[in-house]
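Below: one structure, written as structure tokens.
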Amino acid sequence: DAIAQIRRSIDMTPDGHPSRPSKMNNLGISLFTRFKRLGLLADADEGIAQIRHAVDMTPDRHPDKPIWLNNLGTSLRILFERFGKLADLEEAIVHTRGAVTSTPDGHPDKTDRIHNLGICLRLRFTHLGEMRDLDDAISYTRRAVDMTPSSHTHRRGVLNDLGVCLKARFERLGKLGDLE
């Protein structure tokens with residue numbers, strides 16, 4: 001069992017050891033993956049707690065901190081999508097925004113993190129109806145489109161998400177340019 005082996009590895013790693021946050025992040029991701037598969041809320045709660053510990057233990061300028069922030073944001077967003085608790089989405093936005101701002105320009109994962117932030121903001125718009133969230137979602141998603149090579153397989157998903165955002169703005173404001 002992968003989860004048991006990662007737990008053993010953490011137990012064998014002293015507090016303060018530089019590899020401990022990585023192991024805690026791995027445990028968190030594994031638990032959250034099991035939650036997505038089996039739906040056990042205890043796995044989601046512990047998984048998020050483990051990733052949160054990894055974030056808290058990692059210095060701000062550490063190159064892995066944006067990874068942990070993005071993982072935490074994504075997990076919280078998925079939890080919001082499953083249960084609709086706004087506090088989860090609000091926290092997801094904070095951590096995903098942190099992942100974006102702490103990822104250097106030119107880093108290969110920056111585009112995905114920008115796209116994730118756009119998704120979170122669109123979800124908050126859908127939930128609360130604040131136009132600023134939708135405008136920001138469009139801006140971030142458009143930026144992700146611009147950063148994604150035309151031959152990249154993820155580009156179609158990013159383009160689709162941009163279309164969803166623009167359609168939502170058309171439905172709210174009636175500007176034909178958004179629909180076109």
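In table form, for the structure just shown:
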read-out	value
At most 13 other Cβ within 10 Å, DSSP loop - GluC sites (Glu not before Pro), segment 81-163	E130
Efficiency of FRET from Cβ geometry, H62 and R8, R₀ 41 Å, rounded to 0.05	0.95
Of (i) 1.28; (ii) 1.55; (iii) 1.12, the label for Cα Rg over 2.2 N^0.38 Å derived from the coordinates	(iii)
Kirkwood Rh in Å, taken over all unlike Cα pairs in segment 107-180	12.2
Portion, in percent, of the accessible area of segment 1-100 that falls on carbon or sulfur, probe 1.4 Å	55
Electrostatic dipole magnitude of the chain [Cβ: Lys, Arg +1; Asp, Glu -1; Cα centre; debye, to 20]	300
Proportion of all alpha-carbon pairs of segment 55-123 beyond 21 Å (%)	20
With Cα atoms, 0 to 90° folded angle of helix 131-147 axis to the chain main axis	80
On Cα atoms only, tilt of 110-128 relative to the major axis of the chain in degrees	70
GNM flexibility winner over the chain from N160, N70, N116 (Cα, springs under 10 Å)	N160
Helix 2-11 vs. the chain, principal-axis angle (Cα, 0 to 90°, nearest 10)	60
Local electrostatic count at M57 - Lys and Arg +1, Asp and Glu -1, tallied over other residues with Cβ under 11 Å	+1
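The values are calculated or read from the model by the stated rules, or taken from the named source; none is laboratory data. Since the structure is predicted, the reported quantities are computational estimates derived from the model, not experimental observations. For neighbour counting, all protein chains shown are included, and Cβ atoms are generated from backbone atoms with ideal geometry for every residue, glycine included. Remember, those area values only see protein heavy atoms, side chains included, never the ligands or the DNA or RNA. Shrake-Rupley method; radii C 1.70, N 1.55, O 1.52, S 1.80 Å.
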